[in-house]
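I have placed the structure first, in the form of structure tokens, so that the comments after it can refer back to it.
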Amino acid sequence: MKAIVQDEYGPPRTLSLGEVPTPEPGAREVLIRVHAAGVDYGVWHLMTGLPLVGRVAFGLRRPRNRVPGMDVAGVVESVGAGVSGLRPGDEVYGAATGAYAEFAVARPGKLARKPANLSFTEAAAVPVSGVTALRAVGRVTAGEKVLVIGAGGGVGSFATQLAVAGGADVTGVCSTAKAGLVRSLGAGAVIDYTREPLTGTYDLIIDIAGNRPLRELRGLLAERGRLALVGGEGGGRWFGGLGRLQAARLITPFTRQRLDPLLSLTRTADLDTLRDLIEAGAVRPAVGRTYALAEAATAVGDLAAGDAPGKLVITVR
């Protein structure tokens with residue numbers, strides 16, 4: 001089968017289109033005929049091997065999984081022994097191993113029925129970013145003030161909509177090029193970080209892959225507010241943004257503010273919740289650009305550049 005392969009860590013040029021054997025689903029696994037796959041920062045970290053501490057998990061000298069990609073939408077091709085609830089022909093979306101290929105393997109607990117009102121391309125934009133946003137927003141109440149930093153990206157576009165759907169007063173932070181998108185998602189106010197500083201006081205701040213100091217973010221947070229830290233960049237090659245996340249854990253017991261470093265795992269229950277919201281019209285994926293499978297390196301490069309609005313998606317079929 002055709003797939004994007006990577007045999008060494010490095011920049012996007014280390015990704016190339018090649019031929020690899022079609023995977024066989026093992027016990028409690030599902031083989032998916034991939035129609036589309038999302039592009040997220042997890043793919044970038046696995047591609048570059050940064051931060052270096054992460055290589056303990058995903059390969060010391062080279063990627064343990066040659067085929068990248070997690071977000072997936074497609075059709076069940078076959079199922080392994082012990083799989084119930086899914087059968088060949090089912091349209092699904094979720095998280096898989098090696099989604100940048102014609103076929104990918106996934107665990108049933110990371111898949112759900114595809115939203116009926118979405119194309120495969122749109123559905124592939126949802127799983128990782130949507131579930132992360134769902135966890136970051138949590139339960140908001142009408143009138144709460146929410147600040148979404150990175151509102152024009154994959155996670156941010158979902159977080160903005162989820163907070164608005166909960167009745168919150170949402171302010172989105174983004175670049176000039178993404179301001180129109182963020183307003184269209186329901187944000188009542190937009191701060192262009194390239195032109196103006198962050199101001200105001202908020203009950204919930206969602207900082208997506210940011211590198212702002214905790215002191216600055218806490219200064220914008222209400223006395224009993226919550227700060228959701230979604231990933232993080234900067235901080236050096238060894239630990240990246242992990243240092244800031246660890247600092248948040250250490251500070252939380254000594255303040256009335258709640259500082260949440262988020263580690264989000266895609267699960268069927270969360271995908272079901274998102275599907276219900278999508279089919280009800282409360283949330284929609286903001287697909288910014290689409291790419292052919294052979295253009296995966298370009299897609300990941302565009303993501304890292306940070307100027308592409310919404311979620312980027314690779315179309316396979």
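For this structure, a couple of remarks:
- Summarising the label geometry, the points placed 7 Å from Cα in the beta-carbon direction at A282 and L265 lie 2.5 nm from one another.
- Counting only DSSP beta bridges whose two residues both lie in the chain, roughly 50 percent are antiparallel.
- Positive-end extreme of charge dipole, region 161-317 - chosen from G180, L263, I278 (charges on Cβ): L263
- A Förster radius of 22 Å, combined with the Cβ-Cβ distance separating V53 from R13, puts the computed FRET efficiency at roughly 0.35.
- Partner lysines for K311 [C-alpha distance under 23 Å; skip if fewer than 8 residues away on the same chain]: K110, K114, K178
- Distance histogram for region 254-311 (every C-alpha pair counted, 10 angstrom bins, percent rounded to whole numbers): 17, 26, 38, 16, 3, 0
- The residues packed around N117, meaning those with a beta-carbon under 14 Å from its beta-carbon, carry a net charge of 0 if Lys and Arg are +1 and Asp and Glu are -1.
- Computed over the Cα atoms of region 164-317, the ratio of the radius of gyration to the Kirkwood radius (Rg/Rh) comes to 0.97.
- Antiparallel bridges, percent of DSSP beta bridges restricted to region 62-220 (to nearest 5): 40
- Relative contact order of region 55-145, taken over Cα pairs closer than 8 Å and 6 or more residues apart, is 26 percent.
- Restricting the calculation to Cα atoms, region 115-164 shows an Rg/Rh of 1.01 when the hydrodynamic-style radius is the Kirkwood one.
- Cα point-scatterer Debye curve for region 184-225, base-10 log of I(q)/I(0) at q = 0.18 Å⁻¹: -0.60
- Semi-axis lengths (Å, descending) of the ellipsoid that matches the C-alpha gyration tensor of region 68-126: 17, 14, 9
- Extension gain, M1 back to S184 (0.36 nm per residue minus Cα-Cα distance, nm): 61.9 nm
- Heavy-atom surface of the chain, accessible at 1.4 Å and reported per residue (Å²): 45
- Per-peptide average of other Cβ atoms within 10 Å, ordering 271-281, 214-224 highest first: 271-281, 214-224
- Sulfur and carbon atoms: percent of accessible area, the chain [1.4 Å]: 52
- Distance from the Cα centroid of region 244-306 to that of region 1-66 is 19 Å (rounded to whole angstrom).
- This model, with +1 at the C-beta of Lys and Arg and -1 at the C-beta of Asp and Glu, gives the chain a dipole about its Cα centre of some 700 debye.
- Projecting the Cα atoms of P115, G98, A151 onto the charge dipole of region 93-239, computed from C-beta unit charges around the Cα centre, puts G98 farthest toward the positive end.
- Size descriptor, Kirkwood hydrodynamic radius, that averages inverse alpha-carbon separations across the chain, Å: 19.8
- The chain: relative contact order in percent, alpha carbon pairs under 8 Å with at least 6 residues between: 21
- Extended-chain gain in nm, criterion 0.36 nm per residue less alpha-carbon gap, E196 and T176: 6.1 nm
- The residues packed around I4, meaning those with a beta-carbon under 13 Å from its beta-carbon, carry a net charge of -1 if Lys and Arg are +1 and Asp and Glu are -1.
- For region 1-100, the Cβ-based charge dipole about the Cα centre amounts to some 360 debye (Lys, Arg positive; Asp, Glu negative; other atoms uncharged).
- Semi-axes of the equivalent ellipsoid of region 6-95 are 27, 14, 12 Å, computed as sqrt(5λ) over the eigenvalues of the C-alpha gyration tensor in descending order.
- Measuring r between the beta carbons of R62 and F254 and using R0 = 41 Å, the FRET efficiency lands at 0.45.
- Percent of Cα pairs exceeding the 16 Å cut-off, where the set is region 64-167: 62
The values are calculated or read from the model by the stated rules, or taken from the named source; none is laboratory data. What you are looking at is a predicted structure, and each value in this text was computed from that prediction instead of being measured. Quick reminder, even Gly has a Cβ in these numbers, built from the backbone with ideal geometry, and neighbours come from all protein chains shown. In case anyone asks, the SASA skips ligands and DNA or RNA and just uses the protein heavy atoms, side chains included. Shrake-Rupley method; radii C 1.70, N 1.55, O 1.52, S 1.80 Å.
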